[in-house]
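To start, the structure itself, in structure tokens.
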Amino acid sequence: MSLAKTYNPKEAEDKWYAYWLEKKFFRSVPDQREPYTIVMPPPNVTGVLHMGHMLNNTIQDVLIRRARMQGKNACWVPGTDHASIATEAKVVAMLKERGIQKKDLSREEFLKYAWEWKDKYGGIILEQLKKLGASCDWDRTRFTMDPDLSEAVIDTFIHLYKKGYIYRGIRMINWDPQGKTAVSDEEVIRKEVNQKLYYIRYQVVEKDAQPTTRSAQLNYITIATTRPETIMADTAICINPNDERYQDLKGKKVLVPLINREIPVIEDEYVEMGFGTGCLKVTPAHDLNDYELGQKHKLEVIDILNDDGTLNEKAQLLVGEDRFAARKKIAKLLEEVGQLEKVEDYKSQVGFSERTDAAIEPKLSMQWFCKMDILAKPALDYVLKGDVKLIPDKFMNSYRHWMENVKDWNISRQLWWGQRIPAWYNEQQDWVVAKTEEEAVEEFKKAGLPSTGIYQEEDVLDTWFSSGLWPISVFDGFKNPNGKDICYYYPTNDLVTAPEILFFWVARMMIAGHEFRHEAPFKNVYLTGIVRDKLGRKMSKSLGNSPDPIELMEQYGTDGVRVGMLLSSPAGNDLMFDVAYCEQGRNFANKIWNAFRLVKGWDTVENYATAADLKAIAWFESRFNQAIALLDEHFAAYRLSDALMVIYKLIWDDFCSWYLELVKPAYQQPIARQVFIASTNFFEQLLALIHPFMPFLSEELWHDDLFGSRSEMDCCIVANYPKGGEVNAKLLADFETIQQVVSEVRNVRNTKQISPKESLPLAIKANEGIDYSVYVNHIRKLANVHEVIFVHEKPTGAFSFIVGKDEFFVTVSQHIDVDAEKDRIRSEIKYLEGFLKSVNAKLGNEKFVQHAKPEIVTNERNKQVDALAKIKILEERLAEL
């Protein structure tokens, strides 16, 4: 068939993705082959494709496609997460547009709307991943609220409760006033915020009306705070017992400004004397540290905030006002009564909800918790013992620190969308844990408690509680623990995810894996970096610096974007994304396409290949095998960016720029059939090699009639992944030298502005032992040299250059500018002397020579000898001039 002049990505992408689906190439069922399994980190049902998803899923697709081509039973399980907080917010917003408020609905009515929203919008991101070329087993698509998966969550809760890991109690938690729910520590994002530090005067209560020793006029104590709106919740002022400034305040009381409630002055070394004024307002209901201080000193707890962040009746002032509006108004009221001493600018870390970006409120609340200390230990051991590898391993220390200092996990959320906690209450507020209402009644009876008017807990479980079961639940490992799927696919091979969820997803999957399967759920965790713009800023909608991935794929082709993303994405390091990378990817696709057109356009003749052609074929075969060995190393170390660069250089430089130029026939002349077959075989192998990175282009060219007729199932996606063979190191080294010679001759042309069409004579003074006579035809062809002679003396009036220890001379028709040539040689000598100096410094360092690997020391000594030889040759040439 005829090949279009230019590659049309859109046409190829639509055609081949549909074909792969039709032929079920992505489908996996257990068989006798070695399994290779990846479970997709389930994106939120609220999500649409962004650059982070692009990077993460491209990496997964590369790994799964390569494994499939290696003959493994590749299974990539896709799915979505119900994302309680984010989805409920979306549903509430949808209802608001319809004039409906959540508070006016029953739970069942609200959930009906939630499922309606999920069914309409929840699958968008998975459809977008198909555009990316994701070769998932779509028949296995799961959702964290599928009936079986939800049942597994409830069973897990009951299991952990019965083992004593889950409990209910009042604790200080992170409260999201916008989402109106608790969030875990890991879902709180710390940000540096510009704030104000308010210096507030608290009047000292003087029972005997005697002035304090500090000053006759000074009958107040000054406290610095960033949160004046919480003063109405103060229950003490704390001083350090060692602070001489406040000795006279011990045992006294002060008045809370504006409301004049008496509170005690307490002493505790927790207070830093050098911070602020050295006095601390203690607000146990609204600060974790204050709460612990309050518990220690048995202080009253006064909660002045409603769930939505407004002030309640206990505040006495500004009831119903939002906390931030109240802050400004309280400051004004304090100023009016003379109790605001001063205000300063102040920077501090403030926690924000990851889901809603609302400022977090510390809040005392009755919640459900999971004890983590015992559960976390096996998940830490898996990593420390190497059963699970973190890639790159720089994340090991932070993982270890977090797991060794883990706190109990707040697992309840004050939402309706999610798995409802299986706890039941009677009219007296006694409670039991049971799967159904009938079982709850039996539990109440067993405990000798009344079972009338029972109702289920309103809260749902944290989304991470369900997604922590993902690698087991997607294979029905809870419902059918001895089933074919779970026993075949578990543990999975590789997990590709982001470092920011290492603790509250990856670690929890390991905890669940150990608890329910007695082994970790995966062997390797590849941690991707953050996609940033070229200025280093994290991509976000608010900054407007994140391109639309779908538009990028439309413009540059999916393969071009995949290559662009991966050319600069080393594991764990942030990717400084620039659209120019996608352009580079598109240009690479066009380069392959044009090279294919060149080979396809050759006419053949039944002549035997020339010796030069056979040498070129042998060289590229060796170079190909060398690249395969390097590729295997990079894939084993998950250096996908490096792996792609190996293939990129192999195709663009070695195959297109050198091999094809070496063997291509003269204009309109035929090529020996032996060379043509070798070239098409090479091309076929290169298409298989690039397929995991560029699936659409490779599949399109794979089916061209250049390769003869193929069966329906003979597709690149399931072709054998190339394996390496013998590498002729001498041949590769020789060709590297020949390439340098050709490049130097071309450089002479450029320097002297000689037309590429004008052929030149070349003289060689060989000193190193390479047999250049074998490569004369290669040099002639690539450098456009009409004559190659071997000399013992330097020809006069020739332009010279050095490759290795050998000298080369090009006689050009123009007269050589002797002064310019002297300057060039002096410049080269100066460079080599600087290079030699650095090498000598290394070799003169006894520690380096003693402790470096022997091959590294030998390499440095070879550099030294080579540099000295080149300097000598150049000095002789300079003397001659």
Which listed residue is over 30 Å from Lys163 (Cα atoms) and surrounded by fewer than 23 Cβ atoms within 10 Å (Cβ to Cβ), from Gly536, Gly560, Gly564: Gly536
Qualifying residues in the range 387-441 (those that are of a type in the set (S, T, N, Q) and surrounded by 13 or more Cβ atoms within 10 Å (Cβ to Cβ)) - the one modelled with the highest pLDDT: Gln419
Qualifying residue in the range 443-457 (condition: modelled with pLDDT of 95 or more, under 30 Å from Glu186 (Cα atoms) and not charged (D, E, K, R)): yes
Helices (runs of 4 or more DSSP H) fully within the range 81-154 counting 3 or more residues that are without any contact (Cβ under 8 Å) to a residue 60 or more places away in the chain: 84-97, 107-121
Residues of the range 608-646 that turn out to be in a loop (DSSP other than H, G, I, E, B) and either in contact with a Phe, Trp or Tyr (Cβ under 6 Å, 6 or more places away or on another chain) or surrounded by fewer than 16 Cβ atoms within 10 Å (Cβ to Cβ) (or both), as a count: 4
Listing of strands (runs of 3 or more DSSP E) fully contained in the range 487-568 that carry 1 or more residues being more than 20 Å from Met396 (Cα to Cα) and touching a residue at least 40 places away in the same chain (Cβ under 8 Å): 531-533
Selection from the range 442-463 of residues that are surrounded by 21 or more Cβ atoms within 10 Å (Cβ to Cβ) and part of a loop (DSSP other than H, G, I, E, B): Asp459, Asp462
Per-region count, the range 60-90, residues of a type in the set (Val, Ile, Thr) and modelled with pLDDT under 95: 2
Enumeration of residues in the range 843-865 that are free of Cβ contacts under 8 Å to residues at least 24 places away in the same chain and over 38 Å from the mean Cα position of the chain (by Cα): Leu843, Gly844, Asn845, Glu846, Lys847, Val849, Gln850, Thr858, Arg861, Asn862, Val865
Subset of the range 781-804 (residues that are assigned to a loop (DSSP other than H, G, I, E, B) and either basic (Lys, Arg) or touching a Cys at 6+ places or on another chain (Cβ under 7 Å) (or both)): Lys794
Boolean, His778 is out of contact with any strand residue (DSSP E or B) (no Cβ under 6 Å at 6 or more places or on another chain), of a type outside the set (S, T, N, Q) and part of a loop (DSSP other than H, G, I, E, B): no
Tally of residues being crowded, with 18+ Cβ neighbours inside 10 Å and either aromatic (Phe, Trp, Tyr) or within 18 Å of Glu736 (Cβ to Cβ) (or both) across the range 778-791: 4
Test result for Glu442, farther than 15 Å from Phe516 by Cβ and without any contact (Cβ under 8 Å) to a residue 12 or more places away in the chain: yes
Pick from the range 274-284, criterion of a type outside the set (Val, Ile, Thr) and surrounded by fewer than 23 Cβ atoms within 10 Å (Cβ to Cβ), ranking: nearest to Lys250 (Cα to Cα): Gly278
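The values are calculated or read from the model by the stated rules, or taken from the named source; none is laboratory data. Note that the coordinates shown come from a computational prediction; the quantities given were computed from them, not determined experimentally. A quick note on method: Cβ atoms are made from the backbone with ideal geometry, for glycine too, and the neighbour counts reach across all protein chains shown.
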